[in-house]
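Remarks on the structure that follows.
The values are calculated or read from the model by the stated rules, or taken from the named source; none is laboratory data. These figures come from a predicted structure and were not determined experimentally. Cβ sites come from the backbone with ideal geometry, for glycine too, and all protein chains shown count toward neighbours. Note: accessible area is taken over every heavy atom of the protein model, side chains too, but ligands, DNA and RNA are not part of it. Shrake-Rupley method; radii C 1.70, N 1.55, O 1.52, S 1.80 Å.
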Amino acid sequence: MGTEVNIIVVGNNRAVIRSAVQAGFREISRIEDIMSAYKPNSELCSLNKAGEQEISRELLYVINKARYASELSNGAFDITCKPLIDLWHNARKTNEVPDTQNILNTLSLVEYRNILTKNNNVKFNKAGMKIDLGALAKGYAVDMAMELIKSYDIKGALVDAGGDIRAIGKREDGKLWEIGIKHPRERNRIIGLVNLENSAVATSGDYERFFMLNGRRYSHIIDPRTGYPADNQIVSVSVLSSNCLTCDSLATAITVLGEKRGIELIEKLKGIEALIITIKGGNLKLIKSSGMMQLVLNRENS
Ligand code: ADP
Ligand code: MG
């Protein structure tokens, strides 16, 4: 999944702990084999090639979750933006911004409503369409790994796939899991802490993955409404909810929507909270959703 995965399991029996951790890692690779857009033999790649295919129940589940995120965000979240991701990826190699016509042509392939599903058959309504699940597959993998780990006789666990985190039970010292939210501009500094109690958090930050083109910094998240990388002063979005797939997809959606519409969306959703950090003229601004009780800010940042 292009990221480092860490699993922590707390329990009384070493052998049980070891088996739980191994099961978690195996589950994550299993999902990667289905949903990776880069592994040429993944089920997703084969669907992208064929344009129509019977797919597994799991792949269908994630595609349906993606559709829901698209509907919630009015299309800001859209897994069909793969052709645009590829276009910008090539632009990096040539170090030239794609021309407007090329962007517009590619944009015409991007539309989540053009993924047609009937039972377990999926069909792209336009030739050349392609799906990328990079914005939510990690969250799904974390959830699934945790489901397996939970079935062992353990006291607590934490799964972290590059900032997509889910925790259950307690830490070794009996306290709740505490997650630091990184300061988006200063290494080794955290801006605040959240406690997880059988819940999840995912953070999308512009400092983790971005690319330079002609001396300008571009986000790896694409705005499917314009065809250009998202550009709205957001430097980091953390979303909290009961499951990691929801957190992952909404963090990406908010990065596209921007601060105002992003917070509006979160306020409409029950049991989901967010911390958005923007930068304007060099100044960071923190925006919390109204129910964000779990967040303790570093005093200097509050
Ligand atoms: P990260 O945790 O690495 O920041 P994200 O969850 O933010 O990852 O997802 C970013 C990935 O999602 C991109 O690398 C790309 O594959 C895909 N993507 C980019 N833009 C969108 C979008 N508007 N909707 C859905 N997926 C997107
Ligand atoms: Mg995401």
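Miscellaneous remarks
- Residues within the range 162-205 that are more than 15 Å from ligand 2 (Cβ to nearest atom), farther than 21 Å from Ile149 by Cβ and not charged (D, E, K, R), tallied: 9
- Qualifying residue in the range 67-80 (condition: in contact (Cβ under 8 Å) with a residue 40 or more places away in the chain, more than 14 Å from ligand 1 (Cβ to nearest atom) and of a type outside the set (Val, Ile, Thr)): no
- Residues (assigned to a loop (DSSP other than H, G, I, E, B), out of contact with any strand residue (DSSP E or B) (no Cβ under 8 Å at 6 or more places or on another chain) and either more than 12 Å from ligand 1 (Cβ to nearest atom) or open to solvent by less than 40 Å² (accessible area, probe 1.4 Å) (or both)) located in the range 215-231: Gly215, Pro224, Gly227
- Filter result for the condition that a residue is buried (at least 23 other Cβ atoms within 10 Å of the Cβ) and either outside any loop (DSSP other than H, G, I, E, B) or away from ligand 1 (no atom under 11 Å from the Cβ) (or both), over Asp173, Asp248, Asp160: Asp248
- Residue in the range 22-39 that is outside any helix (DSSP H, G or I) and of a type outside the set (Ser, Thr, Tyr) present: yes
- Failed condition for Met212, given (1) hydrophobic (A, V, I, L, M, F, W, C); (2) part of a helix (DSSP H, G or I); (3) over 26 Å from Glu27 (Cβ atoms): (2)
- When Leu84 is tested against (1) touching a residue at least 12 places away in the same chain (Cβ under 8 Å); (2) within 23 Å of Val159 (Cβ to Cβ), exactly one condition is not met: (2).
- Filtered residue count, the range 208-219, keeping only those that are within 15 Å of Pro184 (Cβ to Cβ) and either away from ligand 2 (no atom under 15 Å from the Cβ) or touching a Gly at 6+ places or on another chain (Cβ under 9 Å) (or both): 3
- Among the residues of the range 95-143, those that are more than 16 Å from ligand 2 (Cβ to nearest atom), touching a residue at least 60 places away in the same chain (Cβ under 8 Å) and in a helix (DSSP H, G or I) comprise Ile103, Leu104, Thr106, Leu107.
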